[in-house]
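Before we start, here is the structure in question, set down as structure tokens.
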Amino acid sequence: MASKLSGIELTRYDDLFKTDAEREANRQERIQIVPAAEVFPYSRQPYTIDRPTPDLVRLMDSIEHIGIAEPLIVRPRDAGGYEIISGHRRDYCAKAVGLDTRPVIVRNYSDEEADILVVDYNINREDLLPSEKAKAYKLKLDAMKRQAGRPSRENGDQVGPHYFRGKSKEILAEQVNESTSQIQRYVRLNKLIPPLLDAVDAGTLKFVPAADFLSHLSEKEQTYLLLVMERDEVSPSLGQAQSASRLSASNMASSFFICNLPFRGISLFVKRCRKNTWQM
């Protein structure tokens with residue numbers, strides 16, 4: 001370690017042989033205090049930040065009384081300032097209680113590394129919604145596919161080549177303790193229109209019918225399905241959803257709804273939708 005002699009600080013022996021880049025990396029690993037206005041959410045962050053869970057309430061209470069105990073992990077932002085890789089909820093709570101600075105550790109990550117790490121920092125939370133898992137799994141899988149074959153960066157050991165010794169879905173499935181078919185189901189949820197995805201989160205639309213079958217319907221068919229679900233206060237069963245997907249693929253979706261009483265009204269919706277004659 002560096003020592004001080006008569007007020008003079010001696011350079012450590014190891015530091016004499018470090019490159020400028022290594023010295024800069026060491027400097028950035030130190031905790032820095034930066035203005036809150038210079039810290040921004042990650043643009044592809046897949047998790048809900050402000051959902052009032054008991055965990056979030058406890059975190060806000062802690063930050064209000066003792067401040068941010070664990071620094072945020074951030075990376076430099078092209079437009080200036082920093083974007084958060086880890087610590088979105090800490091940042092949200094700090095903003096809510098009026099803190100005007102943030103303790104941060106600055107690291108340089110590629111987009112692929114950042115996508116993977118943003119997902120990983122919260123992937124095993126027990127209170128994640130289906131929509132959050134859907135977005136997170138897709139974000140990580142896409143990043144892993146883009147990154148496959150590229151050498152890992154010095155500060156990116158967590159996302160290095162060991163991620164790509166097997167198929168990306170198998171690797172992710174092992175990490176989150178899910179089957180690969182379940183991973184695929186969550187990814188398919190991203191094909192749902194937002195109100196249907198909200199219904200899955202709320203439990204009014206069952207996960208398997210939505211992921212396996214309704215996600216294959218066109219956006220227009222999903223929209224009119226939603227209208228009937230809301231009007232008649234019904235939700236498709238697994239068998240109904242399977243039939244809808246099959247008949248949609250053969251351009252006969254209206255036949256399904258005619259034959260299933262709870263959804264009979266949608267046959268008119270689908271016919272008029274396809275003929276562009278629907279009027280509200």
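Bear in mind that the values in this text are calculations on the coordinates, not laboratory data. Everything numeric here is computed off the predicted structure, so don't read it as measured data. For neighbour counting, all protein chains shown are included, and Cβ atoms are generated from backbone atoms with ideal geometry for every residue, glycine included.
Go ahead and run the numbers for FRET between GLN175 and ASP198, Cβ-Cβ distance against an R0 of 22 Å, rounding to 0.05.
Approximately 0.25, to the nearest 0.05.
Looking at the stretch 67-139, which GluC sites (Glu not before Pro) are DSSP coil and have at most 12 other C-beta atoms within 10 Å of their C-beta?
GLU126
Continuing with this model, one more query. What order do you get for 93-102, 190-199 when each peptide is scored by the mean count of other beta carbon atoms within 10 Å, highest first?
Packing order, densest peptide first, comes out as 190-199, 93-102.
Evaluate the distance, in nm, between pseudo-label points positioned 7 Å from the Cα of ASP78 and of ARG44 along their respective Cα→Cβ axes.
My value for the distance between the label points is 1.3 nm.
Go through LYS95/LYS169; LYS140/LYS220; LYS135/LYS167 and tell me which ones have a Cα-Cα distance over 26 Å in this structure.
Those over the limit are LYS95/LYS169; LYS140/LYS220.
If you don't mind, another one. Suppose each label sits 7 Å from its Cα in the direction of the beta carbon; what would the VAL234-LYS167 distance come out to in nanometres?
Rounded to a tenth, the inter-label distance reads 3.7 nm.
Here is a follow-up. Could you give the length gained by full extension between ARG146 and SER250, i.e. 0.36 nm per residue of separation minus their alpha carbon distance, to one decimal place?
Result for the pair: 34.1 nm of gain on full extension.
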